[in-house]
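Below is one structure, written out as structure tokens; the observations come after it.
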Amino acid sequence: MSTNPGYVLSPVITQRDGGGDTSCSVKVSIEISESQQPVTFTCDVSSPVELLISQTLCWVHDDLDQVDFSSYLLKVCGREEVLQNKHSLGSHEYVQNCRKWENEITLQLLSHSTMRRDLARTSTQYKTVDRLAQTLKNLCCALDEVETQAITEAMKRLRHSVNLPRTHSPKVDTVTKLILLFCCSYEKYFLVCSLTHNGKNLFKPVQSKRVGTYKSFFYHIKWDELINFPIAVAVLPLESILSLTLFGVLNQNASGSPDSNKQRKAPELLGKVSMPLFDFRGPEPHTTEELDPDLRRKLEKICSRASNFGLKRADHQLLWDHQLHCRKDHPSSLPKVLASVPSWDWASIAHIHSLLHHWPPLPPVTALEMLDSKFADTEVRNVAVGWIEKSSDDELADYLPQLVQALKFECHLKNALVMFLLSRAQGNINIAHYLYWLLKDAVQDPAWGRRYERVLGALLCLCGTKLRAELEKQTHLVNLLGAVAERVRQAGGSTRQVALQEGLENVQNFFQRNSCRLPLSPSLVAKELNMKACSFFNSNAVPLKLALVNADPLGEEINVMFKVGEDLRQDMLALQMIRIMDRIWLQEGLDLRIVNFKCISTGKDKGMVELVPSSDTLRKIQVEYGVTGSFKDKPLAEWLRKYNPAEDEYEKASENFIYSCAGCCVATYVLGICDRHNDNIMLRSTGHMFHIDFGKFLGHAQMFGSFKRDRAPFVLTSDMAYVINGGERPTSRFQLFVDLCCQAYNLIRKHSGLFLNLLSLMTSSGLPELTGSQDLKYVFDALQPHNTDAEATIFFTRLIESSLGSVATKFNFFIHNLAQLRFSGLPANDEPILSFSPKTYTMKQEGRILHASIFSFQKRYNPDKHYTYVVRILREGQNEPQFVFRTFDEFQELHNKLTILFPLWKLPSFLLLSKGCVNLIWVYSPCNNFMNVMWYLIVAEPPLSPTSGRVEGEVKLSISYRNSTLFIMVMHIRDLVSEDGTDPNPYVKTYLLPDPQKTSKRKTKISRKTRNPTFNEMLVYSGYSKESLGLRELQLSVLSAESLRENYFLGGITLRLKDFDLSKETVKWYKLTAVPYF
């Protein structure tokens, strides 16, 4: 009988360091009982924990030959968990978080004999009682599962005497009291009988006749009716489920109203029971012959699909017809093949099972799909569980919520999945603890609560006295906190603080009796409340903000939030998906510095959330710069600068922001996270950005009337771009951000099937925004699994451009600031709106502008050649016009500021003209004094383009060839220069030379005002053989698009295509030169 070690093992996350950081050294501080000062040294993160232990023992013992290294452990200071000796130091989640937050790694050396093992489970504790209970249960089963009240009470007394948990048992009098309660409200009853398999009805449900109650010793409902289904028993699938649903017809006179004409109410659902039709042992499988493979390309395309979305009947038929080819060449397609089985009758089952047992083993994450409701066959589910058993405990914890939901789809209570979960819970405290709270929450399910009660009872029987007592303490603590939170929520105004203090005193009394582990993690142990630091949040749910004193004197204070009145299961699911994304990125060597925090639902509409220290909401940061802070570019950068004053500190914080922001953009887009106002996005002082409060996801956006509140694909605002770029102008840092987003997006797309399977298993959990295939379709469409990586890169780049250009997000932040602050008027310390006009002008002082137009333009040298436009202004009450001088860049700045300051006004876009000048007219409306800007084209002499100068910069290209098509992806350009020193408007033009007719011309879009543009655009040349391309050259030119002068050349390259291996993709930076161009 397996048992746990008595202490919590620190989770391990496999990580491949893409930056060559596998040999990174870290500083470690280890507390030793024999020394007053900790031992501090540096070691390699790839070093095994055993090596650290041996190095530490060198400080304590002179003769290491007499020391048993395996008898020592390294405990995490502040947490009741130990590192795993056989794993490397850097693979532990605790160490990775310390590196992420740049915290010191603090450990404590303990021997096995001194290590607390208060949760250890003894193996012989319950054998005698369990044997007696099993014998009694067998007797009851022989009597048609009848358990009398006397038997129930006797078992209660027996279990109480040995301190065993009380398991749920059916009671005859409970049913009697229930029917007695029904008699007062319902006059008739009927049953709806249905036969289902794989979650689908085999026939139309059959309804019984409507009958009343009669009384003998007790009240009874008796139909005495035969229900017929028109099918032979022999052809029913073995896992067919019979479901009986009881409905009651309301007694119209129950309310005492004599009005017989009132509308009759619909029958009410009173209860439901489901049971398997057969108790069977499956037939023995037999071998089948191999089939010749056919339609290879089409079959490969079907097998490579992320899910069954979009598969037609012909596709399923093809999969089943070529099942052996799928087994040989596409083993991961097994769930698709099983979903294509034409019949699960007894005649087919032997062949299906034979195919199943000869199939190559699947990875655990792929086998998860075989536990979905569409696979009811017991043998299929047994095989899937066998493959999932190969996962480690830490991997299992990532998918535990889905496995708990999958228990609903099992035909029998005693099944391979239940036994697997209980077995793992016996051997690992983390699994047992997490499983307890998942089951505790699942017993609220109206249809499946009984099943979960029994599994929970089995878990409590097996986990051991000490762990069970700890779980009971946690449950009591949760009940106390729930009562306090509800009391505070119901209180109003000033009485809330009084209600909080009175309630927390009860919680403090609980801690005076004992310390307690928290539901968030069994390694977090609190001994009391820090009453002065406890408060509540002023949001709708009024959650509690709790500060708990760590039971470990070497640990820091534990800060959590406890919330009632909101369903936290959706937050749990969203955070689980983000955590799995982070695992995937880390395993691929991409560390996006994701902030993972814990959240646990502890019952119906209540739960606990970990609070991330040293972090503030974006709203709190932005309102420091006034109510219009969300429209400004510098608040986030200046806030980070405040906490990171040294230049190297700020650079590190900026880097953390770039990486974490990229991860947030990808994760929130794929999951369709909505309601993204600036109180739901947080920033840590170290630069790590993260999202909270996932009440809206899978595209279920909050609405303002008929308008979606979340109109951008994800939140990416100009103040975020300011931190990313390191200023107002685009830099190569933004190209890094785009590359990180696209790389992260493509890595997640490779695991599209995993996320669709995990979400599919949760569709029966009762989450209001995850109910069926339409919600899964949202994620399927977001992942674009049918696209190539290059197409997905282009797609996500356009999403970045769309999000960054969305004024709706900033306006959403602005409205939220108003709602939260009830603020009116602009702050007194606002910066000048226009850089070229520091003074504030008013109509009262200067007069209303009646007419403004461009009078002429002048060529100037100061020191470089540029053009200044003379603007003729006529004001109200003035006979003579005034003339002011403005540059083209100043006109553009004016337009940009107007767009920001008046986001609801549909201002015309800033015209970019190939030739000519611009005539500008201002018109003031008397009714609202808002400014409209209109642009008109007039004929004028265009300024001359600058002469050619030096060429600098590089262009990043991806060149590939497939299906007689050459693909040129223009990715980035960096470090461009222009002769006049201004930021150019670059675009790329390509030709395949020789091309006398210029038919091979291809162009990208124009990037405005940047020396470091990002394009990620594909230029395609179709119908070329490899031989013909070997005779051609690719000429690429970078030019600047100008509205008031000729476009000018910024640089170019010429590439001989015969120098490329077109059988593989080439991604490379190329230096721009002053080559001739078309």
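In terms of other Cβ atoms within 10 Å, Thr763, Thr686, Thr495 run from fewest to most in the order Thr495, Thr763, Thr686. Take each peptide in 990-1001, 74-85, 332-343, 449-460, count the other Cβ atoms within 10 Å of every residue, and average; sorted highest first, the result is 74-85, 332-343, 449-460, 990-1001. Taking the alpha-carbon centroid of each part, what is the distance from the stretch 754-769 to the stretch 625-680 in angstrom? Cα centroid to Cα centroid, the span is 31 Å.
Cross-link reach is defined here as a Cα-Cα straight distance under 16 Å, omitting same-chain residues fewer than 8 places apart; for Lys466 the aspartates and glutamates meeting it are Glu80, Asp118.
Taking a ≥ b ≥ c as the square roots of the Cα gyration tensor eigenvalues, with a/c under 1.5 meaning rounded and otherwise prolate when a/b beats b/c, else oblate, which class fits the stretch 480-581? Since a/c reaches 1.5 but b/c is at least a/b, the shape of the stretch 480-581 is classed as oblate.
Over all projection directions, the Cα-based convex hull of the stretch 8-111 averages an area of 6.6 nm². Restricting the calculation to Cα atoms, the stretch 569-815 yields a radius of gyration followed by a Dmax of 17.5, 52 Å.
Averaging Cα coordinates gives a centre for the stretch 470-543 and one for the stretch 371-390; these two points are 41 Å apart. For trypsin sites (Lys or Arg not before Pro), the sites in the stretch 602-685 that DSSP calls loop and that have at most 15 other Cβ atoms within 10 Å are Lys604.
Is the shape of the stretch 570-684 rounded, prolate or oblate, going by the alpha carbon gyration tensor and its root eigenvalues a ≥ b ≥ c, with a/c under 1.5 for rounded and a/b larger than b/c for prolate? Verdict is oblate for the stretch 570-684. Other residues whose C-beta falls under 13 angstrom from the C-beta of Arg116 contribute a net charge of 0, scoring Lys and Arg +1 and Asp and Glu -1.
Between their Cα atoms, which of Lys272/Lys473; Lys100/Lys652; Lys312/Lys777 are more than 22 Å away from each other? In this structure, Lys272/Lys473 lie more than 22 Å apart at Cα.
Only sites in a loop by DSSP and with at most 15 other Cβ atoms within 10 Å count here; which GluC sites (Glu not before Pro) in the stretch 329-430 make the cut?
Hits after loop and neighbour filter: Glu389.
We did not get these values from a lab; they are worked out from the coordinates using the rules stated. All values reported here derive from a predicted model rather than from experimental measurement. All Cβ positions, even for glycine, are placed from backbone atoms using ideal geometry, and neighbour counts span all protein chains on display.
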